[in-house]
Structures are given as C-alpha cells and as structure tokens.
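Single-structure report; data block below.
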Ligand SMILES: C[S@@+](CC[C@H](N)C(=O)[O-])C[C@H]1O[C@@H](n2cnc3c(N)ncnc32)[C@H](O)[C@@H]1O
C-alpha cells in the first residue's frame, strides 16, 4: 500500500522503490491533465496519478509489467488508466499535458549486460543514458505546449547532460527533488514547455 493505493508486486517486474516514491511524492499534476507514464512497471505511479487527473496512459516494454500493471489497475478499480506494451513511444498516439518516466538509469558494462525483461528496469547501458537519450529525442512530439515532463535518473547518469538537452529543446528544466541512496543521488528532473 502506498498513498492509499494497493498494489501487488510481480515476478520479472521492478518493485516500487525509493525512485518510485520520489516521483509519486513530487508529481506536478493538474485535475484536467492527460498523463503519459513511460515504463509503468507495477503501475503504481500511473494509479496514484489517476486520482489527481483526467486520465493516464501507462506503457512498458516489459510484457510482465503490462500484465502486472493491468492487474493493479483492476485491483484499484481505476477506469481512467489505460496500459499497453510499447518501446518508449512506439505504440503511443496523441499529445500529453504531463509525461512521467522513472528511467533505467544505472550504468551497466557490456559484459555485465543481461538480456532479459527484468534488467530493462535499470540497465541504462555503458553510460546509464541509453534509454534516457532515446526518450529525450522522441519526447517533444508528445508533449503539448505548456506541458511538463518529469523524469527520474541518478547522479551516476549525468544530470547536467539531461538538463542541457532539455534547455536546448527550449524547455525550462531543473532538479526538483533529490534522495541520497547508498552511493548515488536519485534525482527528479522537471521540465516545462
Ligand atoms: C526503474 S523502473 C520503474 C518502474 C515504475 N514506473 C516504478 O517507478 O516503480 C523502469 C521501467 O521502465 C521500463 N522500460 C525500460 N526501457 C523501456 C522502454 N524502452 N520503453 C518502455 N519502458 C521501458 C522497464 O521495463 C521498467 O518497468
């Protein structure tokens, strides 16, 4: 249970952790927002968001996560959450007021890389930025003028680079929340269009 939301954890799916809660506790949502969550995992972020906005679309590349999130949506009787499989925006249509992504941000060396569904939750490639950089390249066409994006990453995956890319796109971006965990700072970056 988190934020009055019940959830079940599932095999092969990232269990909610500090980074999940950092995002939930600092989401900037308006009642009329259409929200897109990339990488929904158990669906907890999408479900929490759904109580505060019009509707939520949650997607994940991991089919186990999609199944898990759909079960949790049902458990909480959320009629305004839609979940389906997608590699980033591949199967996503439309334009959103708020886009959320707790990214796979850990640097993982080539010889430590494991090609399975579960590892996609944290494996950010050699520099921790493989998925983050793809996301940043594609996100502008799904974000409405006046919209926001909030992404979670870590001090291990170059926060400054993300801020620079967002500024170059014409967004106003900053780190809006930080949590120190073991050997890294987990950061929430918020950008306004
Ligand atoms: C750190 S986990 C976060 C899960 C959940 N949102 C949470 O906060 O607990 C990252 C999630 O992103 C998903 N993911 C990784 N690469 C992706 C991609 N290219 N497209 C969509 N989802 C992706 C993973 O499967 C995983 O569920």
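The values are calculated or read from the model by the stated rules, or taken from the named source; none is laboratory data. Values in this document were obtained by computation on a predicted structure and should not be read as measured data. As a convention, Cβ positions derive from the backbone with ideal geometry for all residues, glycine included, and neighbour counts pool all protein chains shown.
Checking each residue in region 33-55 for being within 12 Å of the ligand (Cβ to nearest atom) and either free of Cβ contacts under 8 Å to residues at least 60 places away in the same chain or part of a helix (DSSP H, G or I) (or both) picks out 40, 42, 43, 44, 45, 46, 47, 48, 49. Of the residues examined, residue 148 is not one that is surrounded by fewer than 21 Cβ atoms within 10 Å (Cβ to Cβ) and either at pLDDT 95 or above or assigned to a loop (DSSP other than H, G, I, E, B) (or both). One residue stands out among those in region 73-121 that are outside any loop (DSSP other than H, G, I, E, B), at pLDDT 95 or above and over 17 Å from the mean Cα position of the chain (by Cα): the one that is surrounded by the most Cβ atoms within 10 Å (Cβ to Cβ), which is 75. Would you check if residue 70 is outside any loop (DSSP other than H, G, I, E, B), within 13 Å of the ligand (Cβ to nearest atom) and either surrounded by 22 or more Cβ atoms within 10 Å (Cβ to Cβ) or in contact (Cβ under 8 Å) with a residue 24 or more places away in the chain (or both)? For residue 70, the condition - outside any loop (DSSP other than H, G, I, E, B), within 13 Å of the ligand (Cβ to nearest atom) and either surrounded by 22 or more Cβ atoms within 10 Å (Cβ to Cβ) or in contact (Cβ under 8 Å) with a residue 24 or more places away in the chain (or both) - is not met. Quick check on my filter: what residues within region 156-174 are surrounded by fewer than 16 Cβ atoms within 10 Å (Cβ to Cβ) and within 17 Å of the chain's Cα centre (by Cα)? Selection gives 174 alone.
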